[in-house]
Each structure stands twice: as structure tokens, then as C-alpha cells.
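**Q** Below is the structure I would like to discuss, written out as C-alpha cells.
The values are calculated or read from the model by the stated rules, or taken from the named source; none is laboratory data. Computed from a predicted model, the values in this text were never measured in an experiment. In this analysis, Cβ positions are derived from the backbone assuming ideal geometry, glycine residues included, and neighbour counts consider all displayed protein chains. The area values use the complete protein model at the heavy-atom level, side chains included, leaving out ligands, DNA and RNA. Shrake-Rupley method; radii C 1.70, N 1.55, O 1.52, S 1.80 Å.
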Amino acid sequence: MLHMDGIGVQTAPLSLTPLLAPRSIAFVGATDREGSFGKSALAQLRAGGFSGRVDLINPNRREIDGMPCVPTLADLSGPPDLAIMLVPNDRLEAQMQLAAQVGARSAAIFSSCYVDDDNPIPLTERIRTIALEAGMPLCGANGNGFFNVAANTHVAWYGLGRLEPGPIGLISHSGGLFLTFAGDDKRLQYNLIVSPGQELVISLADYMHYMLDQPATRVIALFAETVRNPERFIAALERAQQQEVPVVALKVGRTAESARLAKSHSGAMTGDDDAYEAVFSRYGVARVRTPDELAVTCQLLSQPKRFHPGGLGAVLDSGGARGLLIDLAADLGIPFAQIDETTRQKLAAHLEYPLEPINPLDAWGTGAGYHEIFRDTLTAIADDPDTSVALLISNIGLDLPMNRDFYEIAKEASAASEKPIAIAMNFGRIPNPEILWSAIDAGIPVLDGIENAMLAVKHAMRHRDFIASPPDDVGGCPAPEVISAWRQRLGSKEPLSEAEGMALLAAFGIETPRTIAADTLQAAGDAADAIGYPVVLKTAMPGTFHKTDVGGVRVGLADRRSIEAAYTDLDGRLGPQVTVQAMIQAGVELSLGLVRDEQFGPLVSIGAGGIFVELLRDRKVLLPPFGPAFARSAIDALKVRPLLDGIRNVAAVDVDAVAKVLSRFSILATALGDLVAEADVNPIIATATGCTAADALFVQAAMGDSLSSIEGH
């Protein structure tokens, strides 16, 4: 893999063990005042079962709730692993300085860290500096703390009581959703859940690395406003991929207003959503849209059984519900398992007349012997060679004898099968959640709402396929001296001509037509003669970015007379500088793009080309570098993808050649993208015999303007 420039500076990570799994904790500003953070935080630590040393700091008290108090941190017998700051904002800096002086190994701050008339250096920056200079990991400020359930360490002010440990690690930039996820549904069981607040010292990525160090972690869930350390975040995603730990992300800030409010809420720069989409796609992150989708996806992905190749198997108690399931599967692109004859015979042996032995299966007849019918048909479908995951789908949220029986059916089928089996509710509301616990205790996910359940299945199948995909060979760069020469050229403020842009593409193995620059009538004619007719003549005047919009492109020029006439026209209207280019065989027009993202560096895109770029807005943004296989998956996701297979009088194109060009363009972006503000290669022409770039515009970063800002003048 090539090094990805522009991601950010990697700093030496701090150990999070003193913070998240401390042996000793000091409450600075401890109190037993009703309604205070201090009182509730101490109660929650006790409820979690913390067994280490606890010290209380309050200069005005000798004891609190039967525990002794000392005046300051300096009066402790030794430095604490963790100092929980419970003092007002105007006293935080002094207490953090004292914590650093006595050697406290970490700190947590719940309060906002904002004070009136705080200048010139804000309190947040002063606190950050103290902690960094002392090498202290800090949770907060302006967060709700954390529940390290696996370590019996609850450092939070919200009174949830004792939590049961589980396989999910969750990080939430929303304090409200942190509490929702932690306490509202016992089906969601965590080894660690964190509200990192402003992330003054350690970021979401650091918590991810800690979670990946814990063997109990089977899935990592993120409710994220931003990523403050992109390089370390990428490293965490790479680790998760290597360890086959799914990452599920609800990333907010997709719209301009959401992004604006996120910044005002927590100081978070949410970043360009296309960039996040590119990162998530590259590393197989399951991007979800709602908290409900996040919850059910984490439930399904955190169960311990592997997802095998194949499709969805389902057993229902309603023909109408089966129709809904089939429609939703079609909408989401979820395949059903194609069960074999052996499985069909097993189903037929249990079904009442006239039920068909098919998948998905409506197994409800008269109701006689339903326990054995549903158990055995669910087991048979789950065990079919083409089944990846099986669902038992019903409305069983009330505590009724038949519903309790359905949970037993799922448990018995799951115990008899190596495949994942889950229960899915048709409706997204469970009136009596206590009925779920027997299934949860047996490790069977119970998913609220049929659409949410299907979304979870889709994410599980995608992660399965992502992990199983073979390594993608990125391929080699041009020779170092070639890259060095182009880096020198791109570093200048002299704009690249189109002819130079085409030469740059060719240097990275992208096929281009022969292109010659000219600025006189004689030179244009000589260039056309040298290339061979027919040719294309284009204006190359600086500042002309959309040549067709100003009548700056003439195609199919068949002889010297026609080239001279075309040149005379362009010279008179637009100016003398032109490029003469060999004609390219007609085909499907696509486009390539390159931009530099502030957080993640160079990004590339592929989409519809020619005049359809603005009309269709059909593109995929990708994180470079990548090989042809990944490129092919992006191409397959385009709206114009069916055109590449041929339609009416348009022949099918060589899609592998398009993927190869996209991969090579990603290598160019990785090697040179830090010097390019923006690039537009439009169109690239895909045909049955290859893929050729027909036009290229590169805007250097040294010029100080991106293509979009230049076009605005």
C-alpha cells in the first residue's frame, strides 16, 4: 500500500488504562448534596462494583457518606490513577494543574470548560495543554463520562445502576444518545461505552484502539459528529478490518445545517460527508441512518456465530408479512437463500396443506403442532447450504403462552444450528420487553421492526463479503524520478496546460490520445498533420474550464483546410492557444475527479461524464490508493452502470479497463494529490476495447485556488 499523504500528524498515543481501568480514583470536589454530579457520580461508581481505592477531595468536609475526605489532591498518600473533576469551570484549571503536579495519571471532566470573557487563550486550550504536558489522558470536557462495564468502572454522573457486560463497544458524541444507548434497552450490552465530549486530549479513534485491545469486543458502534485525528482513525479501521471486528457508524453532519449546529454544539468540524462516505466504503464501515438501525445492526453483528456465504432464510407466521418481507428485500438488495431439494423435502414433511416448501416460508396452518413445525422448519432453512442467516419473524411482544413458546422455538433451533438465528418483530414497538430476556440470555438477537431487521441483515452480509474479499493489488507507481519531476512541476504557480495534464495521466499508465499544443495557424495545421486525421481542436486559453459552453471544441476535423478554418474561428473568439488531439472512438462517457479534503487528504471520484456530470450527479467518492477490484465495486454502484453493459445501439464496454484506469488515477492522487487543489478528467471514453482519457484539467494547490473557486469568478 502507498502512504496516504495529507491525513494528519500522528502523535504518540497515550495509554488509556489509567483512565478506563483505574486502580484508584479521586473525586475532586466530592459532595453529598442532592442533585449534584458529585453525589450521583459516587453512587454510580459504587453501583458498577468498582473495587479499587476511592479518595474524596473536599476542603470543607472531613467525611462524606461515611468516607473520609482530605482537603486537596496533595494530601493523598499517593497519586490516583484517575482524578474526576467535579469543581466549577472557574476552578478547573487550578485543580488540573495540581493533578499534574501530584502525578495523577488521568482525568475526567463532565462540565463544559467554558467561562465568560475567556481570552486570549480559552480554558479548553489551557486544560488541553496541562494534560498533554503531563501525559494525562483526559475524558471530556462537556461529556457524560464512560461505563467500562467489563472493568466494573462507571465514571459517569447518570444513575443507571449496574450494567451487564457484553460484546459491544460504543462511542457517542451525543450525550443524550449516550444515555439512551446505555440505559434504555438491556438488549444492548457493552464492554465499554464512552461519551468523549470535546475530546480535548484523546479522541474517538483512541477509544476505538482500546476497544480493539479487548478480546470481548465483537462490534464497535459510533455516533459521530467528527473525527479529530483522521490518521489514527484510519489506523483503527485498519485494525478492525484485520481483526474482523465490524464498525457501525451513525455519522451526523450530512447537511449544511446539521454540520453548522454540530460545530456550535461541541466545537466539532464535521467534515465533508463525501469524504466520510469514501472512508467508510474503503474500510467496510456499516453506515446507518438512525439510532434504531444502529441498535439492531449491533445486536446482529455482535452475536458470536459467523455469517456464511449465501442469502437470507426466513420463517413467518403470515403470508401477508411474507409479501412485505419480499418487497423490502428487493428494495434493499438482500438475496434470499436458494434452498436445495433436500431442504424442500424437510420442509414438506412438516408443513400442513397447502403451504409451499419455499424460502421465505409461511409456516402457519391450523396452528396444530406449531411448536414442532416452526422449530423444525426454521432449523431446516438455517442449515441449508445457501443460508447465511435465518430469521423467525412474528409479532411476539406480549407476554402470552404462545409468544413465550416462539422464543423457545428460536432457542431450540439456534442450539441445533451453527448459523446465526435471530427473531425479528414485524412492528417496531415491543409492549412487554421482559418477555425478550430468555432469548437474549440464549444469545439470540431480537430485532425491533422488520425494516430495521432487514437493514441489519444487509449490513451483516456486506461485512461478511468485505472481510472475505481477496487482497486488492494496488500496483506500482511510476519510477521515482518521474514522480519527482511531476511534483516539481505541480509545485509551481504556472498553470498546467491541457497537453501537460494529458501527459501527466499518461505517466501513470492512463491511456490518452496524442495531444499537441499550438498557438498559431501554422502550428495547429502541422500538429494535425503529425497526428493524422480526423482530429479534435480545443481552445486552451487560460481560465476556460468548460470549453463546450463557449464553443471551444471542434470535432471530426478531416483535413488541413478544416483545421485551419476551425483555428481561425477559435483564435478570433477565444484566443490563439489550442490543443490538437487525435479523435477517440465513440463510447460511454465517464468522468474522474480529484479533490483534497481537509481531514482525509486526496480523494478521487468516478461518475457519469460529459454533459451528464451536473445533470445526473452520479458519482462515487473514494479514498486512494486502491486496486482494480475495489475500483470495480465503485463502478458497479453507479447509476449509469447499466450503460456499460450495452443498450440499443451502444456496445458493451470493457469495464475492467475502466476499473484499471480508476485504480491508476488513485495512485496518481496518492503520489501527487497534496500538490493538486482539484482535477477534472472529463470525459473518459469507455469502449469495448479499452478506456481513454479525452480531456484533463489540473489546478495546482500552489495557485491558491481550487477549480470551484476559480470558476466562480
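**Q** Taking ALA460 and the conditions (1) in contact with a strand residue (DSSP E or B) (Cβ under 6 Å, 6 or more places away or on another chain); (2) open to solvent by less than 10 Å² (accessible area, probe 1.4 Å), which numbered condition does it fall short on, given that it satisfies the others?
**A** Answer for ALA460: the failing condition is (1).
**Q** What are the pairs with Cβ atoms under 6 angstrom where one residue, in segment 196-208, is closer than 13 Å to ARG232 by Cβ and the other, located anywhere, is open to solvent by 10 Å² or more (accessible area, probe 1.4 Å) and among the polar types (S, T, N, Q)? Sequence gap at least six, or different chains.
**A** What qualifies is SER203/ASN229; ALA205/ASN229.
**Q** Something else now. Restricting attention to segment 352-367, report how many residues are touching a residue at least 40 places away in the same chain (Cβ under 8 Å) and open to solvent by less than 30 Å² (accessible area, probe 1.4 Å).
**A** Count: 5.
**Q** Considering only residues of segment 250-303 that are among the acidic types (Asp, Glu) and within 28 Å of ALA141 (Cβ to Cβ), which is modelled with the lowest pLDDT?
**A** Among those that are among the acidic types (Asp, Glu) and within 28 Å of ALA141 (Cβ to Cβ), it is GLU257.
**Q** Are any residues in segment 389-402 more than 13 Å from VAL446 (Cα to Cα) and surrounded by fewer than 24 Cβ atoms within 10 Å (Cβ to Cβ), and if so, which ones?
**A** Those that are more than 13 Å from VAL446 (Cα to Cα) and surrounded by fewer than 24 Cβ atoms within 10 Å (Cβ to Cβ): LEU398, ASP399, LEU400, PRO401, MET402.
**Q** Turning to a different aspect of this structure: Return the residues of segment 474-502 that are under 30 Å from ALA629 (Cβ atoms) and in contact with a strand residue (DSSP E or B) (Cβ under 8 Å, 6 or more places away or on another chain); say none if nothing qualifies.
**A** LEU490, GLY501, MET502
**Q** How about segment 593-611: which of its residues are buried (at least 20 other Cβ atoms within 10 Å of the Cβ) and in a loop (DSSP other than H, G, I, E, B)?
**A** Passing the criteria: GLN599, PHE600, GLY609.
**Q** So which of VAL87, VAL70, VAL102 is over 17 Å from GLU133 (Cβ atoms), hydrophobic (A, V, I, L, M, F, W, C) and touching a helix residue (DSSP H, G or I) at 6+ places or on another chain (Cβ under 9 Å)?
**A** From the options VAL87, VAL70, VAL102, the qualifying one is VAL87.
**Q** When the residues of segment 320-348 are filtered to those that are part of a loop (DSSP other than H, G, I, E, B) and open to solvent by less than 40 Å² (accessible area, probe 1.4 Å), which remaining residue is farthest from ALA460 (Cα to Cα)?
**A** Step by step, filter segment 320-348, then rank; the result is ILE339.
**Q** Which is within 19 Å of the chain's Cα centre (by Cα), surrounded by 18 or more Cβ atoms within 10 Å (Cβ to Cβ) and more than 24 Å from ALA424 (Cβ to Cβ), of LEU200, LEU212?
**A** LEU212
**Q** In segment 537-592, what residues are of a type in the set (Val, Ile, Thr), more than 21 Å from ALA688 (Cβ to Cβ), open to solvent by 10 Å² or more (accessible area, probe 1.4 Å) and touching a residue at least 24 places away in the same chain (Cβ under 8 Å)?
**A** THR544, THR548, VAL550, THR568
**Q** Can you tell me which of PRO480, PRO513, PRO445 is under 30 Å from GLN581 (Cβ atoms) and either open to solvent by less than 20 Å² (accessible area, probe 1.4 Å) or in contact with a Phe, Trp or Tyr (Cβ under 7 Å, 6 or more places away or on another chain) (or both)?
**A** Every option except PRO513 fails the conditions.
**Q** Same structure again: Being farther than 15 Å from ILE510 by Cα, of a type in the set (Ser, Thr, Tyr) and out of contact with any Asp or Glu (no Cβ under 8 Å at 6 or more places or on another chain) narrows it down to one of SER633, SER666, so name that one.
**A** Testing whether each residue is farther than 15 Å from ILE510 by Cα, of a type in the set (Ser, Thr, Tyr) and out of contact with any Asp or Glu (no Cβ under 8 Å at 6 or more places or on another chain) leaves just SER633.
**Q** Which of the residues belonging to segment 348-402 are closer than 19 Å to ILE423 by Cα and among the acidic types (Asp, Glu)?
**A** ASP362, GLU372, ASP376, ASP383, ASP384, ASP399
**Q** Could you list all residues from segment 88-131 that are closer than 22 Å to ALA156 by Cα and among the hydroxyl-bearing types (Ser, Thr, Tyr)?
**A** Passing the criteria: SER106, SER111, SER112, TYR114, THR124.
**Q** Identify the residue in segment 11-42 that is touching a strand residue (DSSP E or B) at 6+ places or on another chain (Cβ under 7 Å) and part of a helix (DSSP H, G or I) and, among all such residues, is surrounded by the most Cβ atoms within 10 Å (Cβ to Cβ).
**A** Ranking the candidates gives LEU19 first.
**Q** Any residue in segment 646-668 that is open to solvent by 50 Å² or more (accessible area, probe 1.4 Å) sitting within a Cβ distance under 9 Å of a residue that is assigned to a strand (DSSP E or B) and of a type in the set (S, T, N, Q)? List the pairs, counting only those 6 or more apart or interchain.
**A** ALA651/THR687; ASP654/THR687
**Q** Restricting to segment 425-442, give me the number of residues that are open to solvent by less than 10 Å² (accessible area, probe 1.4 Å) and free of Cβ contacts under 8 Å to residues at least 40 places away in the same chain.
**A** 2
**Q** Cβ-Cβ under 9 Å, sequence separation 6+ or interchain: first residue in segment 160-182 and open to solvent by less than 10 Å² (accessible area, probe 1.4 Å), partner of a type in the set (Lys, Arg). Which pairs?
**A** ILE168/ARG218; GLY169/ARG218
**Q** Counting only residues that are assigned to a loop (DSSP other than H, G, I, E, B) and crowded, with 22+ Cβ neighbours inside 10 Å, which one in segment 281-306 is farthest from the chain's Cα centre (by Cα)?
**A** Here the residue is VAL288.
**Q** Of the residues in segment 223-247, how many are in a helix (DSSP H, G or I) and touching a Ser or Thr at 6+ places or on another chain (Cβ under 8 Å)?
**A** Qualifying residue count for the region: 2.
**Q** Let me spell it out: the conditions are (1) in contact (Cβ under 8 Å) with a residue 60 or more places away in the chain; (2) surrounded by fewer than 22 Cβ atoms within 10 Å (Cβ to Cβ), and THR377 meets all of them except one. Which number is the exception?
**A** Going through the list (1) in contact (Cβ under 8 Å) with a residue 60 or more places away in the chain; (2) surrounded by fewer than 22 Cβ atoms within 10 Å (Cβ to Cβ), THR377 breaks only (2).
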